[in-house]
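Below is one structure; the comments refer to it alone.
The values are calculated or read from the model by the stated rules, or taken from the named source; none is laboratory data. Not measured: the values here are computed from a predicted model. Reconstructed Cβ throughout: ideal geometry from the backbone, glycine too, with neighbour counts over all protein chains shown. Keep in mind that these areas ignore ligands, DNA and RNA; they rest on the heavy atoms of the full protein, side chains included. Shrake-Rupley method; radii C 1.70, N 1.55, O 1.52, S 1.80 Å.
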Amino acid sequence: MTRGVDLEAVGVVSGWGEGLEALPADAASAAAGRTTLAIERPSFAGERFRRATRECLLGVAAVHALLAKTGRSAADIAGDRTALLYVTAAGYGASNRAFVDAAPTAGTLHFPYTAPSAVPAEVAIEFGLTGAYVIFVGGATSTIEALAQAARLVARGECERALVLAVETFRECEDLHARGRWLLRRPLVEAAACALLVPGSGRLTVTVAAAASELTGHARRRTGETLACEPLIALALGVETGDDRLHVTGEWRGRRLGLQWHQISSRSAPAVPGRDERRGVWGPVARPPM
């Protein structure tokens, strides 16, 4: 017997600032010719954070932003009943470059951060997360798949809540991205976003999509290119409107997936009169032909 899954909130930090209110109406115009908008290194107390890479700190900052939106404390999500699913396409590039460029004596410091697991590991340590743990490497389609996997875990009762975290950084590898400028839209906007999924009445389905959804297009216009963070930012914009029917899409390397979420409840969204509280189910991920 499975249960429904609701999206409670999404915390967002980007090169435009913290939260959705920092996003411009049109990213291309607001960028004023800048190709990359970076996020300054967050400041957290403690020796461990002094050594941590910027992308690790951005992951921590995104979870803090989520907690601030939900009114929850770190203690509320700690323990083995919280799953953590992490997604990135470019967020491990900076640490890999730092390791390659480092002097031989500095290799032992830089090497542990070359693994994509460095970011979710720092987040897990900071918030005491000891539940299910999955890493997805790829763009926005991987985020759609991470949301579907998180919904499975919650629906089956394998966890009580799931965090889907995405972090993308570009500044340290800006010259490399410039060489492949035809592959990514501009401006490149660094971002970190974290969604919280909880038991509820929501029904989530994922299918192959023919075109970008209206909500995703809106997020792209306001934010710019954020790779794996884009579906989470689109969901955040949808939640802010109080809409209980969300449709977002994700594209990566010629592949596009669409996610539809119905009967979504959120602490920040108004109650929907006459809402059907029957538990929903999520649908399977449909993959395009190889």
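For segment 39-48, indicate whether the set of residues that are touching a residue at least 24 places away in the same chain (Cβ under 8 Å) and small (Gly, Ala, Ser) is non-empty.
no
For the subset of segment 191-230 comprising residues that are under 20 Å from Asp243 (Cβ atoms) and charged (D, E, K, R), which member is most open to solvent (accessible area, probe 1.4 Å)?
Per the stated criteria, the residue is Glu214.
Taking Ala89 as meeting all but one of (1) over 26 Å from Glu21 (Cα atoms); (2) modelled with pLDDT under 95; (3) crowded, with 19+ Cβ neighbours inside 10 Å, write down the number of the exception.
(1)
Cβ-Cβ under 7 Å, sequence separation 6+ or interchain: first residue in segment 237-257 and part of a helix (DSSP H, G or I), partner modelled with pLDDT of 90 or more and open to solvent by 10 Å² or more (accessible area, probe 1.4 Å). Which pairs?
Between residues of segment 237-257 that are part of a helix (DSSP H, G or I) and residues that are modelled with pLDDT of 90 or more and open to solvent by 10 Å² or more (accessible area, probe 1.4 Å), the close pairs are Leu237/Leu20; Leu237/Leu215; Leu237/His218; Gly238/Leu215; Glu240/Leu20.
Pick from segment 9-25 the residues that are open to solvent by less than 60 Å² (accessible area, probe 1.4 Å) and either free of Cβ contacts under 8 Å to residues at least 24 places away in the same chain or touching a Lys or Arg at 6+ places or on another chain (Cβ under 6 Å) (or both): which of them is farthest from Ala61 (Cα to Cα)?
The selected residue is Leu23.
So which residues in segment 240-249 are of a type outside the set (D, E, K, R), over 19 Å from Gly139 (Cβ atoms) and open to solvent by 10 Å² or more (accessible area, probe 1.4 Å)?
Scanning segment 240-249 gives Thr241, Gly242.
Does Arg72 qualify as being closer than 22 Å to Ile135 by Cβ, among the basic types (Lys, Arg) and open to solvent by less than 70 Å² (accessible area, probe 1.4 Å)?
It is false that Arg72 is closer than 22 Å to Ile135 by Cβ, among the basic types (Lys, Arg) and open to solvent by less than 70 Å² (accessible area, probe 1.4 Å).
In segment 29-56, which residue that is modelled with pLDDT under 95 and in a helix (DSSP H, G or I) is farthest from Arg171 (Cα to Cα)?
Glu47
Would you say Arg255 is in contact with a His (Cβ under 8 Å, 6 or more places away or on another chain) and modelled with pLDDT under 95?
When the stated conditions are applied, Arg255 does not pass them.
Residues checked against (1) buried (at least 23 other Cβ atoms within 10 Å of the Cβ); (2) closer than 27 Å to Gly217 by Cβ:
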| residue | (1), (2) |
| --- | --- |
| Ala27 | yes, yes |
| Ala32 | no, yes |
| Thr36 | no, yes |
| Phe44 | no, no |
| Arg51 | no, no |
| Leu85 | yes, yes |
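Can you find even one residue in segment 197-216 that is at pLDDT 95 or above, in contact with an Asp or Glu (Cβ under 6 Å, 6 or more places away or on another chain) and within 23 Å of Leu58 (Cβ to Cβ)?
Looking for residues that are at pLDDT 95 or above, in contact with an Asp or Glu (Cβ under 6 Å, 6 or more places away or on another chain) and within 23 Å of Leu58 (Cβ to Cβ), one finds none in segment 197-216, hence no.
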